[in-house]
Every structure is written in C-alpha cells, then in structure tokens.
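Read through the structure below, which is laid out as structure tokens, and then see the notes.
The values are calculated or read from the model by the stated rules, or taken from the named source; none is laboratory data. Since the structure is predicted, the reported quantities are computational estimates derived from the model, not experimental observations. Methodologically, a virtual Cβ is constructed for each residue, glycine included, from the backbone with ideal geometry; neighbour enumeration extends over all protein chains shown.
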Amino acid sequence: MILSDRRKRIDARRVPRGRSPHHVGPFRYGRGVMQPRFGETIIGREHPAGLLRAEVDRATASHGGVVLVTGEPGIGKTTLVTAVAEEARQRGALVLGAACWDSDSAPGYWPWVQVLRGLRRSPDDWALARDAAEPGLGVLLGEATGGPSDEDDGDQEAFALYDAVTTALVAVSQRRPVVVVLDDLHWADPASMRLLRFAAQHTWFERLLLIGTYRDAEVESGDHRLRPLLLPLTAKATTVTLTGLSRDEVGALMTRTAGREPDPGLLDEVHRRTGGNPFFVEQTARLWRADGLVTAIAPGVREAVRRRLAQLPAPVVEALTVAAVLGRDFHRQVLSACVPTPAAQVDRLLDRAVTARLVVARGGGRFAFAHDLVRETLYDGLPDDDRRVRHAAVVRAVDRSAALAERLIPADLARHAWLAGVDLDPSRAAELLVAAARDASRRLAMEEAAVHFRRAREVAADPTQRVKIMVELAQLLHHVGGRDEAEQLLADAATLALALDEPVVLARVALTVHRQRPTARRSADPEELLREAYRRLIGEPDVTGPLSTLVADLITATETLARRGNDDEALTFSLWARHDTTWGLGTAADRAALTAEIRDVARRTGDRETEMWATSLRWVALLELGDPGYHRELTAFVTAGRESDNARHRMGAAVDGGIIAAFRGDFTEADEFFSELADFGEWEHSDHAFMGHHLRWSRLLLQGRFDELDTLLDAPDMARHPHPELLRAITAAERGDDETAARLTAGIEAAGTTYSRAVSPLWVRLRAQAAVATRDPRRCAEVRQALEPHRGGWLAALFGCDISGPVDHWLGLVDAAQERWDDAVARLSSARDAADRMGSRPWSVIARAALADALTGRDRPGDGAAAAELRAATERDARTLGMAQAVTRLSSAVPAGAGATTAGQIHPPTAAPTTGQHPAEASSVGLTVARRLVEAYEFRRDGPVWQLTYAGVVAHLPDAKGLHDLRLLLSRPGVDVPAVELLDPAAGPELVAARRLGGDPVLDDEAKARYRRHLQRLDDEIDRAAARGDESKLAGLDAERAALLDQLRAAAGLAGRSRRLGDEAERARKTVTARIRDTLRRLDDRHPALAAHLRDTVSTGSTCRYLPPEPLPWGL
C-alpha cells in the first residue's frame, strides 16, 4: 500500500482540530511558550536556539520540515537538540530520538529501529501507526520476514519500507506533532540516509519535524561515504551551524563549571586555546578547578583531538605536525618549505585540514589552528629529539630563502632557534635571538627583549659575540631601570673582554661603561678600563691627559678600523659613541654631520631603525644651528613614525611632534601628541620616565601656566626627575620671583652640582636668568662669555626635549640688565627674527615683549611709539596663543626703575640716552621692529602646515588637499570654479572643458537585457545541477555566474546606476566635495569660527564658489 492510499485511511481517523488539514497557523517566536528557557541552560546559543524554537512552533501550529545542526565534535550539537526536544515534549509533541553508532557492526536502519522502538513505547500512538503502516514496520523491527531478494524486488522492498516508516510518522502527526531527532548522522548507514531523504519529502505537508546532527567537516571531505546522500538534503533543510563561544561566553561557562570566575588573563588564554569549543572549555575548567592549571590538556580533550586526527590521511597529519612546530599561525610557503612534498600537494593537504575544521584560512596564504589544543596535542606527541630536528629545519629553510624570512616575525625565528638546541649552530641561534630582542625593544616589549638577550647570551659559544650581547642587554636594562643587573653585566663583560685578545671589543665595553657612568654604580672601574683599552688598541696613554682625550682617541681608533674593514656595524657604534659624547653648546654642527653619516650608513645597510633615530636627532642639531631645514627632518621623522607599526617609532613621533607643536605655538596639537605617551608603558617603568614630566613642564612654561606648573612640580612622580632643583629655579625666574630664583641658583652652586653636557643648556639658561635678576656684573660677564661664541644658535637640552630659546635672546636680556640698550635692542631683534625664521610663534612673542621693554628703556626719539605699537601687536599674538602671563605683563603699565628677570619681559630702569646712534636711525629701527603685525585674515601654507587666521584666532592644520581647494576658492571670490579644475589646477582650460563633458554608458539597455537573460539561464542550470548532485558541473556554473556578476558590477555605480565612460566631471564633483567637507570637519575642532564662515560662504557641486557678504583681505 503506498503512502497516498494510507493517508486516506488516516484522514478518516483524524482527531478533529477545527481547521483544514493544510491550515497554516501563525509562526510564534516568543520565549514565553517554551520551557525551560534556553538562556538558562545553554550558554551562548541564543540565536541557534531561536531558529530551532521557530521550527518547533511551526511544527506545532502548522507543518514541519527538516533541520540539520552541524559543527565540530564537542561544539554542543547534542546539547542543543536535546534541549529543543525537551521543549517540544512539553508542548505536547511526540519526541522520538535516535543516535547513530560508529561501528561497522551496527545493523542496517539502526537509527530508525530506535525511532520505532520509541514509538512503540507510546501505546496509543503505536496503535495508530501499526494500523496505518503494517506489515512494513514489523519487517524493520525484525518481527516479519521480507520479500524476494533480487535487485528489482530489493528496490521495491526498500521503497515499501521507506513508505511504511513515513506513513507511520505521518499517521501519528495527525494526532499530535512529531519530532524525530537523529544524532550523529555522519555515522549513519546509507540505507538510513535514503530513508531520511524519503521521509523529508513529506514533512512540509504534515506536523512532522525531522532534526539531524552531523559533523559537517567530516561529511564534506571528498571521500566520506555519506557525502552524496547528505549534502543534497541540505538544499531542502534549515541548516544551523554551531561555532565557538565568544570570550564572554567562555567565561560564563567556566564560572558555571568551576564554580568561580576566571581572571581576564586566564580567560583570554582559555578562549585562545579552546577556540570556544564548549566541550574543551568544560574539560579545561574542570582541570582548573582541580589543580589551578589551564596549560595542561585534559585527557578527554586529548582523546577527542586524537580521534579527529585519526580520521585524516597520514600526509595530512604529517603536514599538521609540521604546522604545529611552526606555531599557532603559519604561512603556507613556510609549511611547503618544511614539508618534503610539492607545493601543490601541500595546498591540497591544507584544504583537507580546513575542511576538517582543524585549521582556518586567514587570507594572504596564512593559516591558523582552530584550537591551540589541536596544535598542542600534535606537538606534545613528538619526542624531544624530533622536536629539535624539526625546529632546526625551519631555521635552515628560512636561511635558504629570503622570501621566507618575511613570512616569520623575528620572535618566531628566535623561538625555533632556541628550541632547536644543539641541532642548530650556536652562532646562528644567537644572531636570531638578538634580532628578536631588538625587534621587541622597538615594540617597547622590554621584558620580551630581555628574555631574548638572555637566551642569546646562554647559547652563544663565541666569547666575542657573548660580550656584545652582554653589552647590549646591559644597555637595555639600564634604560628600563634594571641598574643593578646592568652594572653586573657590564662588569662581567669587562672581565670577559679583558681575557680576550680583541682590543676593539674591549674598547666597545669601555666606551659603554664610560657613557653610562653618570647614573650607574658599577664595580668595574671605568677610567682603568678606558686606559687598558687605550693601551691595547693605541698604545700607552698619557697619565696626565684628561679622560675626555682618551675617550675621543678611542672613538677615533675604532672608527678608523671600522672604515678600513668596511664594518658598518662597528662604524655605526663608533659614530653613535662620538655623537653621544658631543653634546652641549657649540656641538650642533658636529652632531648634524654625524647624524647625516649615521643615516647614510643605515640606509646603505637597510637599518631602518638607526635611520629613524638619526633623523630624529638631526633635526635637533639643525634647530640648534638656527637652520629652518630642521622642520623638513622633523616632518620626515614624525610622518614615518606615525605610519610605522613599531611602537618605539610611534612614541618617538609623539614626543618630537609634541615638542615642535609647542615650539610653533600649536599647544592643542602638542597636548594631543603628548597624551599619546600614556599608551606606551615604557614611560612608567623606565629610568627615563621623568622625560614625560619634563616635556609637560616645558610646554606649560611656554604659556606661563604657573598654577599647573606648581602642581606638576609638587607631584610625587616629579621626584624621579634627576634635576628638580633646576626646574624649580627656572619656573621661579619665569614667574618673576627673582628672590627665589636667585636663592635656588646659589644653592645649586654652593652644592657644587654639575650637569651633563646634555643638560648644560638648561643650566646656562638659569645662569642667564640669575644674572638678570641680580644684575651681578660677575654673573653677567660669565653668562656673556658662555653664550657669545654661539650667537645665532638656540639652546636645546635633553636631546631636544627642552628648547630654551635663541642664544641672542638671553644675551639681549643680560645686556638690558646692564643697561646696554643698543646691544639689547640689536640682540633681541635678532632673537625675534630667529624665532620668526624658525616658525616659533611663542618665542617670537617672548622676544618681541623683551624688545619692546628694551626700546622703552633706551627711550630714543621714536622708541616709545615703536615700543607701544610693538607691545600692542605682541599682546594680540599672545592672546591668540593663550600665553596668559605674557598678556598680563604686556597689558600692564611699565613701571619706572623696575628690574626684570623673565624670558619675555624687561622692566628697565630710567636711563640717560645712549650715544652712538642718530635719533632718526633709532626711530627708524624702532618703527621697523614694531610693524611686524599679524594679518587679520590669513590662509597660508608653511611647508607641511597651514596657518589660518580669522576673527582674531589663529589655527594650524597639517597639509590636506581640501585646504588647497579652499585657498583657490578664496583667491577668486564670487567666481564659479569647475570641480575638475580644483581636482587638477594645473590642467589648461581646454582640458578642463573636456573633462566637464559626460560620456556614454559602459553598458546600454540592450546589453543589460542580454546579461540578465544569460544570468537567468545560468540560475536554471545551477538548480538542475544541484538537484542531480553534479558537483563538478555546479562548480563551473558558479564560477561563470560570479564572473558575469563582476562584469555587471564594473559597469554599475551606486544603487545600480550606470557608469559612464569618461565621466570625469562627476568624479571631480564627488572628490572635491568630500575633500572640502572633510577639511571643514577638522576645522570645527581647531577654528569653529572659520569653519562656520566657510560653510556659509562656500558652495560645492559641479562648480564651486566662495561668496562672502563682504570681500575679505585674505593673505594667501
């Protein structure tokens, strides 16, 4: 009896429901009708649970369907369907469950036998089923014999069996909803799968819901026996694929399993190692609850992973084993080089591993293990000797190919070198470890760098190499605060170097020890070490000569030997040693030359790190020389640093960018730069952490923000500054507290404090301020003697972290304190010009304020008017810059007979006119000095920075194309400027006119119609191929369809609009409009008034126009 005939009998016995047999009721997705709620029992499966809940709702109210739940082992498939089965049972459905058996001895139709046995345990439902479907059910249960066994009869017998089971389920579904759960379909026999496919055809018409679970990674592999039977079923089913839990969900599952909440670091580790697999998470959490560890692999997890691996061919497992040695992430090129198999075969092996869900593709040829536990299981299964051999093989493979070296980061290569042990040349291992240490240092991962250096020291067999490693490690530790260990390392390195017959190596140790002497407390005697190095490398030293001569001679000797031997590494060390011992006033020219050569050597050797730092220190030297070219070097460093992935470069760019932003008067930008330093942990743990506080002190001092300066100087962290007394004295002098400044200066002198050459410019500044405060002729003479040789230069201390203004400024203040008015006016005029030339608006304000006071003090004919005009203009600039202290002094009346000490103002005493200059000349000089006024409306580009002035406010923005567009519009008020001209101002009128024309569409309507018809034919063929299960045909059709869609996308714009050939005008309109809008958004923060003005007066489109209510005298 076939199904349709039996359905007639069933319909006659149907329990009345008050609706037609095929009535479709409403879908219900709410939680309230199903208990227990999924969120209370299953973690992280809200969305899959919602999908299954919807299917149960539909089966209960209307009709059923087929749901396939897929995922890797342990992902929670059974847990999920068990929960939905319980909810369906509570809703009144008959739930019949079965599990397939992973055994060749399992009887045929085994899952369906379990289904029928479950049905038999419900007498009323079984009676209904038997009445509708016997005798077929008895055959399946072994209670009746089958018919003939030839092939044709066998097909008929199978059909009858399928029909009987389906009829039985349909019969019961007329009475109440039926949910059949078949777990682990990947282990089912083919006959059971055919029966499932048969029954699935009838679920849409009855309240019959079939739910199956299977491991898609196993079934989708090419040789799985059920693949041709199961995959076509997915086209008719709702597929729910389960993936790993999120980090928070892993935390919740660990808390529930272990009874306590994991800390964030441990949670990150578990999430990474397990990939969010719930089974792995639970096993790991139990292990953690028992012994507090999560690094071990739970036995259940290990066995689960091994079972998955056992299902793979041996070549795939071998490839995965090599990948496990490479690490959690690996590149296919590196794997191919380490697996003795052709590259094409490796790709196929990787495809198989991806299909098995053991690895995932990251793109760009990179892959990663889906779970660290898979990698660890493979790696732990290797004997120690085999591991070392495999790690050494990785290093050798990389050494044979420069291209492979780019695929592994230095830390990875260092790990392989370290774990290769005796199977790798110790010299090569040490080289790789040192390279990784340097890379970690650039990333500000100082602890990691120290680990690599220590390992390099341990593996290095060559004593010379070991000495160099010890010196470099000591320098790192000295930098990050490990002084005691650094001192011991240098002492050990000195002992080892003294035992070698390597004078150059001993010289390197001696110079390093000497360079770190100001802050170190080592057991090695630096002077004796220098003399011994001198003795071995050059000859017997002069015992009466100064130590600095020994140092200079040693540097010269090592430099000469390096040049002769073409040893760029040794040459770089010698040049840096010379640079670091050449600081202070009068050394800028030498340092500019040294940094230029260091950079040239770095470029020759491809040493990007050294090139960057040479550029950073070169701009400092050029600034000290008063060379405006400093800004070009600074911009190069900051731009490269901010674009770099290197944390140390980004930190350096933030430091240097902030210094010069403050130097140029863009204090907001300076604060933005300096605020980035909080993201770099080095500032918190380094001996140089004080530098961050010093940078802020220097920046606040320029604006005269003394309340904040007092807070900063009194902060506990400021105690780490090596020279707090210097900062307090300078701050007092700037505040105008002459008594305190003089007292602190005298205290420094009485204590016999000396300052390193890098700090000495700050000390010279304070001495100049003390001389002005006390008017002590001796002090004035000493300061003049110290500064006079360096006129035209600038004071820069702490490697450029502190810029204390032009030398001429301090000489001018000393001259004014001694009432040498002509000299004061001349030198302060030079200081003003120097500040303007270097683009330093704050120091220009400071110098002009002092110049106005000097003119007032000289009091020649015209000086008073010139001083008043200069003071008024300077006050406006000071207000613009937010230099409150300067504004207060400039706006106050100048008292007669008052002294002065501040950098920005002199209150001169009355004095008789100075002879030696004609009154008319004096008047002319004064007026020339005063008439340097800021334009009211300015839109100028100064190198990489734009100065924008409007409504009395000045802002600075980095260069951008939108600023060029706006400047062109401002230069032609009221004129319609084509967008294509703004896009390319250099284009001639003919080219602009041509570009404004449109073009023909890439595809006309007829061509589009042909494309659509072709797509429809392809879709029909794809459907037919899918129905036949013709995978090869399906793949070819999919590829053709994708290519066709790519062509259509290339011919269409947004929202499907046709692209036009040569439509330059439209492209220009969009580009220019976007550029101008972006610039105005940036102006909202920097200069809101100007942004509002431009929005009101600038229109954009195919043509753009600037039309203000009244013409403005823009300085462009």
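A few comments on the model shown:
- Residue-level check: of (1) under 16 Å from Asn646 (Cα atoms); (2) outside any helix (DSSP H, G or I), Arg407 misses just (1).
- Of all the listed residues (Ala435, Ala420, Ala440), the sole one being over 14 Å from Glu458 (Cα atoms), modelled with pLDDT of 90 or more, assigned to a helix (DSSP H, G or I) and of a type outside the set (Ser, Thr, Tyr) is Ala435.
- In summary, His224 fulfils each of the numbered conditions (1) at pLDDT below 85; (2) not in a loop (DSSP other than H, G, I, E, B) with the single exception of condition (2).
- The single condition from (1) under 30 Å from the mean Cα position of the chain (by Cα); (2) modelled with pLDDT of 90 or more; (3) not acidic (Asp, Glu) that Val250 fails is (2).
- For segment 270-299, the tally of residues that are modelled with pLDDT of 70 or more and hydroxyl-bearing (Ser, Thr, Tyr) stands at 2.
- Test: Ala852 is small (Gly, Ala, Ser), in a helix (DSSP H, G or I) and more than 23 Å from Ala662 (Cα to Cα): yes
- Residue ID - nearest to Gln174 (Cα to Cα), chosen from residues in segment 67-99 that are part of a helix (DSSP H, G or I) and among the aliphatic types (A, V, I, L, M): Ala88
- Counted residues, segment 710-748 - those being part of a loop (DSSP other than H, G, I, E, B), under 35 Å from the mean Cα position of the chain (by Cα) and over 18 Å from Ala797 (Cα atoms): 1
- In the set (1) within 30 Å of Ala402 (Cα to Cα); (2) among the small types (Gly, Ala, Ser); (3) free of Cβ contacts under 8 Å to residues at least 60 places away in the same chain, Ala310 fails one condition alone, (1).
- Restricting segment 585-630 to residues that are of a type in the set (A, V, I, L, M) and not in a helix (DSSP H, G or I) leaves a set whose member that is nearest to Pro944 (Cα to Cα) is Leu625.
- Any hit, segment 790-799, residues being within 30 Å of Val620 (Cα to Cα), in a helix (DSSP H, G or I) and either modelled with pLDDT of 90 or more or touching a strand residue (DSSP E or B) at 6+ places or on another chain (Cβ under 6 Å) (or both): yes
- Taking the listed residues Thr377, Thr341, the one that is of a type outside the set (A, V, I, L, M, F, W, C) and in contact with a Pro (Cβ under 9 Å, 6 or more places away or on another chain) is Thr341, with no other qualifying.
- Filter result (over 15 Å from Asp372 (Cα atoms), part of a helix (DSSP H, G or I) and either in contact with a His (Cβ under 6 Å, 6 or more places away or on another chain) or of a type in the set (A, V, I, L, M) (or both)) within segment 299-340: Ala310, Ala314, Val316, Val317, Ala319, Val334, Leu335, Ala337
- Selected residue (only one of Gly586, Gly545 is loosely packed, with under 15 Cβ neighbours inside 10 Å, in the same structural domain as Arg508 (by TED's automatic domain parsing) and more than 40 Å from the chain's Cα centre (by Cα)): Gly545
- For segment 549-564, the set of residues classified as among the β-branched types (Val, Ile, Thr) and surrounded by fewer than 17 Cβ atoms within 10 Å (Cβ to Cβ) consists of Thr549, Thr556, Thr560, listed by residue number.
- Some residue of segment 941-956 being assigned to a strand (DSSP E or B) and among the acidic types (Asp, Glu): yes
- Qualifying residue in segment 300-313 (condition: modelled with pLDDT of 80 or more and touching a Lys or Arg at 6+ places or on another chain (Cβ under 6 Å)): no
- Filtered residues of segment 748-787 (kept if out of contact with any helix residue (DSSP H, G or I) (no Cβ under 7 Å at 6 or more places or on another chain) and either within 14 Å of Leu727 (Cβ to Cβ) or in contact (Cβ under 8 Å) with a residue 60 or more places away in the chain (or both)): Thr753, Arg757, Ser760, Pro761
- Taken as a whole, the structure leaves Leu253 outside the set of residues that are in contact with a helix residue (DSSP H, G or I) (Cβ under 7 Å, 6 or more places away or on another chain), assigned by TED's automatic domain parsing to the domain that holds Glu72 and either farther than 30 Å from Arg289 by Cβ or assigned to a helix (DSSP H, G or I) (or both).
- Flag for Ala494 being free of Cβ contacts under 8 Å to residues at least 40 places away in the same chain and buried (at least 20 other Cβ atoms within 10 Å of the Cβ): yes
- Any chance Gly363 is surrounded by fewer than 16 Cβ atoms within 10 Å (Cβ to Cβ) and at positive phi: yes
- Selection of segment 875-887 for residues being touching a residue at least 24 places away in the same chain (Cβ under 8 Å) and either among the aliphatic types (A, V, I, L, M) or more than 13 Å from Gly665 (Cβ to Cβ) (or both) yields Arg876, Ala878, Leu881, Met883, Ala884, Gln885, Ala886.
- Candidate set: segment 198-221, residues that are touching a Ser or Thr at 6+ places or on another chain (Cβ under 8 Å) and among the charged types (D, E, K, R); chosen: the one modelled with the highest pLDDT: Arg207
- Looking across segment 855-893, the residues that are assigned to a helix (DSSP H, G or I) and among the hydroxyl-bearing types (Ser, Thr, Tyr) come down to Thr856, Thr874, Thr880, Thr888, Ser891.
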